[in-house]
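For reference, the structure is listed below as structure tokens.
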């Protein structure tokens with residue numbers, strides 16, 4: 001039984017892939033753009049990231065979309081984001 005527990009210990013720290021993407025987006029938006037968002041405001045769907053926020057926040061994201069995409073591509077090497085908005 002001990003061998004099974006050692007094998008299953010590998011999987012304790014696994015996170016859903018969309019959670020990792022959402023955390024990277026949250027980090028970019030909160031730290032680099034100085035926006036104040038929560039992780040619940042970010043949704044990932046087929047390489048497109050949707051953000052539920054006020055018009056001001058969405059406008060800032062739209063104006064800085066290329067910068068956001070470059071920062072996300074450097075943070076997420078195995079995941080390509082097409083659009084943030």
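Every number here is computed from the coordinates shown, using simple stated rules; none is lab data. Bear in mind the structure is a predicted one, so any value in this text is a computation, not a measurement.
Points to keep in mind about this one:
- Volume per residue of the convex hull around the Cα atoms, evaluated for region 1-41, comes out as 76 Å³.
- Axis angle, to the nearest 10 degrees, between helix 17-27 and the longest C-alpha principal axis of the chain: 40 degrees.
- Within region 14-84, the proportion of Cα pairs with more than 17 Å between them is 33 percent.
- For the chain, the longest principal axis of the Cα atoms and the long axis of helix 65-75 meet at an angle of about 20 degrees.
- Each stretch of four or more DSSP H residues adds -39500 (n - 2.57); spread over every residue of the chain, this sum gives -13000 deg cm²/dmol at 222 nm.
- Taking 0.36 nm per residue of separation and subtracting the Cα-Cα distance, full extension of the segment from residue 39 to residue 2 would add 9.6 nm.
- Region 28-67 shape via C-alpha gyration tensor axes, a/c threshold 1.5: rounded
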